[in-house]
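Engineer: Dropping a structure here in structure tokens format, bear with me for questions.
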Amino acid sequence: MLKLIIAFVSIDKSDEIIEAARKAGATGATVLNDVRGEGLKATKTFFGLDLTLVRTALLFVASESCSRNILNCISEICDFDDEPGSGIAIQLAIEDAVGLQSQLPYILESMDDDT
């Protein structure tokens, strides 16, 4: 089974996260810059200017066997447990996908390592 991992993180940590995710089994990443979010408390504004920190959304496709390790790497780098507002990362099951032809041998190999 394939998983989609989505991480909303500080832009200054994105390169480190991508490198760690590759070491943990991710075969690539999609980077979406300039995303914004809001947590439990509304963000403050200054004369109508939004003071929300700009984030990066990182998307990874990985085998189920690698996905938890990738999430752990992201959490550790971003210090999610001890730093409120540092971002979030989630994983979703992928029902079907196309366009993975070049990555498929590596993904299947990591899936075979599970058995």
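The values are calculated or read from the model by the stated rules, or taken from the named source; none is laboratory data. Here the structure is a predicted model, which is why all the values come from computation and not from measurement. Cβ: placed from backbone, ideal geometry, glycine included. Neighbour counts: every protein chain shown. SASA here: full protein model, heavy atoms, side chains in, ligands and nucleic acids out. Shrake-Rupley method; radii C 1.70, N 1.55, O 1.52, S 1.80 Å.
Engineer: At what distance in nm do the modelled label points of residue 100 and residue 23 sit from each other, each positioned 7 Å from its Cα along Cα→Cβ?
Structural biologist: Here the modelled spin labels are 2.4 nm apart.
Engineer: Still on this model: Protein chains only, probe 1.4 Å: how do 60, 80 rank by accessible area, largest first?
Structural biologist: 80, 60
Engineer: How much length is gained if the chain between residue 79 and residue 4 is pulled fully straight, taking 0.36 nm per residue apart and subtracting their Cα-Cα distance, in nm to one decimal?
Structural biologist: Full-extension gain reported as 24.9 nm.
Engineer: Between the alpha-carbon centers of the stretch 52-103 and the stretch 1-33, tell me the distance in whole angstrom.
Structural biologist: So the two Cα centres are separated by 6 Å.
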